[in-house]
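Since the structure comes first, as structure tokens, the remarks are kept for the end.
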Amino acid sequence: MDYLIPIAILAFTSLMAIMALESRSLVYGAISLGGFFLGLSLFFFYLDLLYLAIFQLLVYVGAVSVLILFAVMVIGEPAKKVPTPRYGGLGFLGGLLVALAAVFIALFLLFSFLNLAADTLFQIMLYVSPVVVLLAFVILFIGEPRQRSGYRFKAFGILGASLVFAGFIGVISYLGTVPSYEGSVTFNLVDLADSLLDQYGLLILVLGLLLAAAAFGAVALAKKEEEEQ
Amino acid sequence: MAETPPRDFLRTFLAVATVVFLACVALLLYLVVGPLESVLSYLFRNPAQLLVDPLFKTIVFPGLVYAGLVAYLAIWGERKFAAKVQNRVGPLYAGGLPGGILQNVADLLKILFKEVIIPRDTDKPIFILAPLFAFVIGALPVVLVPYSPTYVILDFPLGVLLFFVFTSFYPLVLLLAGWSSNNKFSFIGSLRALYQQASYEVPLFLAALAPVMLTGSFRLIDIGDAQGKVWFVLVAPISAIVFFTALLAELEKFPFDIPEADSELVAGWLTEYSGVPYLLYQFAAYIKMVAYAGLFVVLFLGGWNGFAFLPGEWWMVIKVALVVLVIISTRAFFPRIRIDQLLNVGWTKLIPLALLSIAILVGLQLLGVLALVR
Amino acid sequence: MNELQFFIAASALFFAIGVYGLLSKKSAVRILFSIEIIINAASLNIAAFARFTPYNLGDAQSVTIFIIALAAAEAAAGLALIIESFRLRGKVDVDEMDELKG
């Protein structure tokens, strides 16, 4: 039961990530992406990395989310063309993904509650993933025939994701127990400042130049070219 | 036909309603909480201990009641001050108390009874939730400002940065509010507000860097304690000026009043809002002002350090009141500048000034005159 | 299962969600969302290793800060490209962007 807080953050964040991809309207997707960034910064808060959490909030939620939302609004549909979202805006495939993620999270809860060994959990995930993929294929091909071509891409996507996930889990279980330092960590700003300036000082200057170049490039790309008229 | 004037009826109605409301609350407490003794013993256990209880701090001072009261007085004071400067009288009649100080209550009642119009083709969830988010994000910075080393609701090791996190969340809400109104002018108005708020975040952060450099910590209590001998406004005056200007722009006060300009684009991004959502936006703006004024006092004006005949919290309250007075006086004194002039000032003039101030501080330290803490 | 394994598995889950979006979406904006999800999964992984290995915490946090800043620059450039191609074509459908001309 001591995993309750990180599992709650994990549930919220993965729900936001799935909604960012599967919601019907791009604007809801952009807002959910902002929620995903917020959930990730909650993870950083839980890990006692306070400065990183606030940096993530400031840069991602404060700037990148606004940028993405602004671009989506400039491109996209006017507000009245948004179809009424059903099933909370997700649709069938989004619901399937949410169910998969919920199964994953429930497995975590079960294993931490029963204090079982991690190897068993990872073996289960390694062998269950292909079965899930097979089930997904079967369900999708039984579905509506006239949308089969669209669904084929999505099945391909689920296949790729499951392979990647199984790969990760396989690597972890192959490496055995990863050694972990579970002592308490106090937040220390001086160490961070020391390493940022001494070791990575030159890199920060280069990063500044890169950001300036990216800003210039973005403006130059998005500017309307008036000479051609 | 009754001959009693309407004002008497309203006053008696309000008095009776207040008494009935309080009686209901007392009855509810008695029935729900259980024996009244346990509640009373919690409230009255020890006055000295009650004053530093976290619940007291959150609700009364420096939390909801105090911030609400200052915002209320600021709204009234803004109208009165602007009126006096413009040789008018301002709010005078409401409530019978001198100076029309109950005018805000009258406005509040009027807005509560107004019809909430939701236009037909808007994105309704976003349209309804945007004012709530604006209010929450505007009101949350109040918990960070310390009024003395004991009177702080949330003592965060990176207090200054968390304050700026709330600053950077606000343009998101503006964008959603303007877009969901399904009105081209609202969207353009919210884009202009977005440009203004996002552009002035950079000078705000850079100017707040000077007190952080002088103290060596992001924690607001440390910054306040470090000003025991000399206030930071005397050590880094350029940063203080830049911070105050950027603060006026972030709060959408004159001369940076474009988003709420009454004579351009109807009401900017607020056009489609009426009634309670409008009230939420306005109240959020004024509570944000209380929080930002508190931040300015802690960062530059010495916080709770003052002469010893008053406790620190009182000094803080007096200074915050003075800063709020200066902020609301800008409505009377300044014209409104154009959006391109505004962005010009923000990017090309304020940012180099803030960097100049930091360079001066570093130079003073290298010369050995000033000792920057670590 | 110790906490580090939990966080590695969590970042693997986000990575998998991002790969799913990358492979199966036909709107360029959704693909950009997936890229951002993948980058954030990687930074969560590094941050978890930073917390749970007894080395210098400042170094690992600096690396994650670099990742965040670089991802922001890349998102800006990507969005500029998307806006420009939307102006040319009227929609952002990656299945139809299969010509080098224009």
Handout entry: Pairs, first closer than 11 Å to B:ILE223 by Cα in the stretch B:290-303, second of a type in the set (A, V, I, L, M) and outside any helix (DSSP H, G or I), C-beta under 9 Å, six or more apart
Key = B:LEU295/B:LEU144; B:LEU295/B:VAL145; B:VAL297/B:VAL145; B:VAL298/B:VAL145; B:PHE300/B:ALA236; B:GLY302/B:VAL230
Practice task
Identify the residue in the stretch A:50-63 that is surrounded by 21 or more Cβ atoms within 10 Å (Cβ to Cβ) and closer than 14 Å to C:ASN40 by Cβ and, among all such residues, is farthest from the other protein chains (Cβ to nearest Cβ).
Solution key: A:ALA53
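Of all residues in the stretch B:63-95 being of a type in the set (Phe, Trp, Tyr) and at pLDDT 80 or above, which is surrounded by the fewest Cβ atoms within 10 Å (Cβ to Cβ)?
The extreme case among them is B:TYR72.
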Exercise for the section: Answer yes or no as to whether C:GLU36 is under 20 Å from A:VAL206 (Cα atoms) and either touching a Pro at 6+ places or on another chain (Cβ under 7 Å) or crowded, with 16+ Cβ neighbours inside 10 Å (or both). Expected result: no
Fill in the blank from the handout: If we ask which residues in the stretch C:84-96 are surrounded by fewer than 17 Cβ atoms within 10 Å (Cβ to Cβ) and over 14 Å from C:ARG30 (Cβ atoms), their number turns out to be 5
Problem - Criterion violated by B:THR150 - all others in (1) within 13 Å of chain A (Cβ to nearest Cβ); (2) at pLDDT below 90 satisfied - result: (1)
Problem - Which numbered condition C:LEU57 misses (of (1) more than 17 Å from A:LEU10 (Cβ to Cβ); (2) under 17 Å from the mean Cα position of the chain (by Cα); (3) without any contact (Cβ under 8 Å) to a residue 40 or more places away in the chain) - result: (2)
Exercise for the section: Name the one entry in B:PHE218, B:PHE256, B:PHE243, B:PHE205 that is under 21 Å from A:LEU58 (Cβ atoms) and not in a helix (DSSP H, G or I). Expected result: B:PHE218
Fill in the blank from the handout: Only one of B:PHE169, B:PHE205, B:PHE244 is in contact with a Phe, Trp or Tyr (Cβ under 9 Å, 6 or more places away or on another chain), surrounded by fewer than 22 Cβ atoms within 10 Å (Cβ to Cβ), within 13 Å of chain A (Cβ to nearest Cβ) and at pLDDT 85 or above, namely B:PHE205
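Given the structure, is C:GLU84 within 14 Å of the chain's Cα centre (by Cα) and within 7 Å of another protein chain (Cβ to nearest Cβ)? Talk me through it step by step, then tell me what you get.
On the way: within 14 Å of the chain's Cα centre (by Cα): no; within 7 Å of another protein chain (Cβ to nearest Cβ): yes.
The answer is no for C:GLU84.
For B:ALA284, indicate whether it is under 17 Å from the mean Cα position of the chain (by Cα) and within 26 Å of B:LEU132 (Cα to Cα). Before the answer, list the steps.
Numbers: under 17 Å from the mean Cα position of the chain (by Cα): yes; within 26 Å of B:LEU132 (Cα to Cα): yes.
When the stated conditions are applied, B:ALA284 passes them.
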Practice task
Go through the stretch B:136-183 residue by residue and tally those that are of a type outside the set (A, V, I, L, M), assigned to a helix (DSSP H, G or I) and within 18 Å of B:ASP225 (Cβ to Cβ).
Solution key: 2
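Where residues in the stretch B:300-339 are assigned to a helix (DSSP H, G or I) and farther than 23 Å from B:ALA285 by Cα, which of them is modelled with the lowest pLDDT? Lay out the reasoning, then the answer.
Taking the stretch B:300-339 and keeping what is assigned to a helix (DSSP H, G or I), we get B:312-333, B:339.
This time we only want the ones that are farther than 23 Å from B:ALA285 by Cα, so: B:312-315.
Details: B:GLY312: 75, B:GLU313: 80, B:TRP314: 83, B:TRP315: 86.
Among those residues, the one meeting the criterion is B:GLY312.
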Completion exercise
Within the stretch C:64-74, the residues that are at the interface with chain A (Cβ under 7 Å from one of its Cβ atoms) and either over 28 Å from A:ALA215 (Cβ atoms) or β-branched (Val, Ile, Thr) (or both) are C:THR64, C:ILE65, C:ILE68
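For A:SER41, state whether it is touching a Leu at 6+ places or on another chain (Cβ under 7 Å), small (Gly, Ala, Ser) and surrounded by 20 or more Cβ atoms within 10 Å (Cβ to Cβ). Break it down into steps so the answer makes sense when it comes.
Details: touching a Leu at 6+ places or on another chain (Cβ under 7 Å): yes; small (Gly, Ala, Ser): yes; surrounded by 20 or more Cβ atoms within 10 Å (Cβ to Cβ): yes.
For A:SER41, the condition - touching a Leu at 6+ places or on another chain (Cβ under 7 Å), small (Gly, Ala, Ser) and surrounded by 20 or more Cβ atoms within 10 Å (Cβ to Cβ) - is met.
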Practice task
Could you grab me the full set of residues in the stretch C:16-63 that are more than 7 Å from chain A (Cβ to nearest Cβ) and at pLDDT 90 or above?
Solution key: C:GLY18, C:ILE31, C:LEU32, C:ILE35, C:ILE38, C:ILE39, C:ALA41, C:ALA42, C:SER43, C:ASN45, C:ILE46
Practice task
Would you mind finding the one in C:SER43, C:SER11, C:SER62, C:SER34 that is more than 15 Å from the chain's Cα centre (by Cα), of a type in the set (Gly, Ala, Ser) and assigned to a helix (DSSP H, G or I)?
Solution key: C:SER62
Exercise for the section: Please tell me if B:ASP107 is more than 30 Å from A:SER25 (Cβ to Cβ) and either of a type in the set (Asp, Glu) or surrounded by 23 or more Cβ atoms within 10 Å (Cβ to Cβ) (or both). Expected result: yes
Fill in the blank from the handout: By residue number, the members of the stretch B:327-366 that are over 22 Å from B:LEU206 (Cα atoms) and surrounded by fewer than 14 Cβ atoms within 10 Å (Cβ to Cβ) are B:PHE333, B:PRO335, B:ARG338
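The values are calculated or read from the model by the stated rules, or taken from the named source; none is laboratory data. These figures come from a predicted structure and were not determined experimentally. Quick reminder, even Gly has a Cβ in these numbers, built from the backbone with ideal geometry, and neighbours come from all protein chains shown.
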